[in-house]
Amino acid sequence: MTFELARGQANQAVALARLGEGKRAAALLEEARALFVSQGNASWGAHVDLQRAEVIGRDGQHEQARLLAALATQTYEKLEMKTKQAYAHIVSASLWADDQQWSRASQELEIASNVLDGMAAPWLEQRIDACKGRVSEGMGEPEQAIEHYKKAAAKTEQMTAALTAEEHRTAFCG
């Protein structure tokens with residue numbers, strides 16, 4: 001039951017974060033992490049660290065959020081969870097971009113791309129391209145930004161086209 005409790009807390013925290021309750025969400029994620037760690041569940045501990053990084057990053061705690069993302073990255077690398085590792089680098093890149101640290105953001109995105117090399121992960125490729133667009137825009141390179149945004153939009157369209165029912169497409173975009 002400990003795993004179910006921790007997972008329930010993590011899900012509740014995500015809902016709280018979406019409702020703008022970042023502090024409550026972060027506290028609940030810390031509790032969930034402690035439960036996962038007590039069970040020796042490194043992958044879920046990393047998952048919760050990454051969720052917490054996103055939550056506190058939105059609240060402006062970028063340095064702490066980057067540390068949490070780095071911890072998650074290390075765990076995912078050890079566990080050979082490549083897509084999650086790449087996502088952690090994307091989160092870190094976004095946090096660097098929030099602080100207008102464009103070269104650091106670019107480095108994280110390059111690492112994420114390298115981790116995914118040869119893998120089919122369009123949902124992550126789309127995020128990488130969107131973040132690359134943001135970085136290019138921040139660096140005063142509007143033409144490159146537009147190209148990256150176009151790639152991100154094309155990947156989103158490809159993913160939605162593969163969904164069969166209209167309600168699935170609507171839910172995907174919602």
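The values are calculated or read from the model by the stated rules, or taken from the named source; none is laboratory data. All values reported here derive from a predicted model rather than from experimental measurement. Cβ atoms come from the backbone with ideal geometry, glycine included; neighbour counts cover every protein chain shown. Calculation scope for accessible area: heavy atoms of the full protein, side chains included, ligands and nucleic acids excluded. Shrake-Rupley method; radii C 1.70, N 1.55, O 1.52, S 1.80 Å.
Partner lysines whose Cα lies under 17 Å from the Cα of residue 151, excluding those fewer than 8 positions away in the same chain, are identified as 132. Each Lys and Arg Cβ is given +1 and each Asp and Glu Cβ -1; about its Cα centre, region 39-107 then shows a dipole of about 160 debye. Taking Cα atoms, how many degrees apart are the long axis of helix 22-38 and the longest axis of the chain, rounded to 10 and kept between 0 and 90? Between helix and principal axis, roughly 60 degrees. Think of region 1-133 as having a plus end and a minus end, set by charges on the Cβ of Lys, Arg, Asp and Glu; of 19, 64, 85, 19 sits farthest toward the positive end of this dipole. Here residue 23 is the anchor, and no lysines lie within straight C-alpha reach of less than 21 Å, apart from those fewer than 8 places off in the same chain. Between the listed residues 45, 76, 122, the Cα displaced farthest toward the positive end of the dipole of region 1-126, a dipole computed from Cβ unit charges relative to the Cα centre, is found at 45.
A simple charge model with +1 on the Cβ of Lys and Arg, -1 on the Cβ of Asp and Glu and nothing else charged puts the dipole of region 55-174 at about 220 debye relative to its Cα centre. Checking every one of the GluC sites (Glu not before Pro) in region 70-163 against DSSP loop status and a limit of 16 other Cβ atoms within 10 Å picks out 80. Compared with the dominant principal axis of the Cα atoms in the chain, helix 142-161 is inclined by about 60°. A Cα-only calculation for the chain places Rg and Dmax at 16.8, 53 Å.
Both radii are taken from the alpha-carbon atoms of region 1-100; with Rh as the Kirkwood radius, Rg/Rh is 0.96.
Apolar share of the accessible surface for region 64-137: 46 percent from carbon plus sulfur atoms, 1.4 Å probe.
Remark: region 3-9, residue by residue, has Karplus-estimated 3J(HN,Hα) of 4, 4, 4, 5, 5, x, 5 Hz, where x stands for each Gly or Pro and the curve is 6.51 cos²θ - 1.76 cosθ + 1.60 at θ = phi - 60°.
With respect to the chain, whose longest principal axis is taken over its alpha-carbon atoms, helix 122-138 is tilted by about 70°.
Placing a pseudo-label 7 Å from each Cα along the Cα-to-Cβ vector at residue 103 and residue 11 gives an inter-label distance of 4.5 nm.
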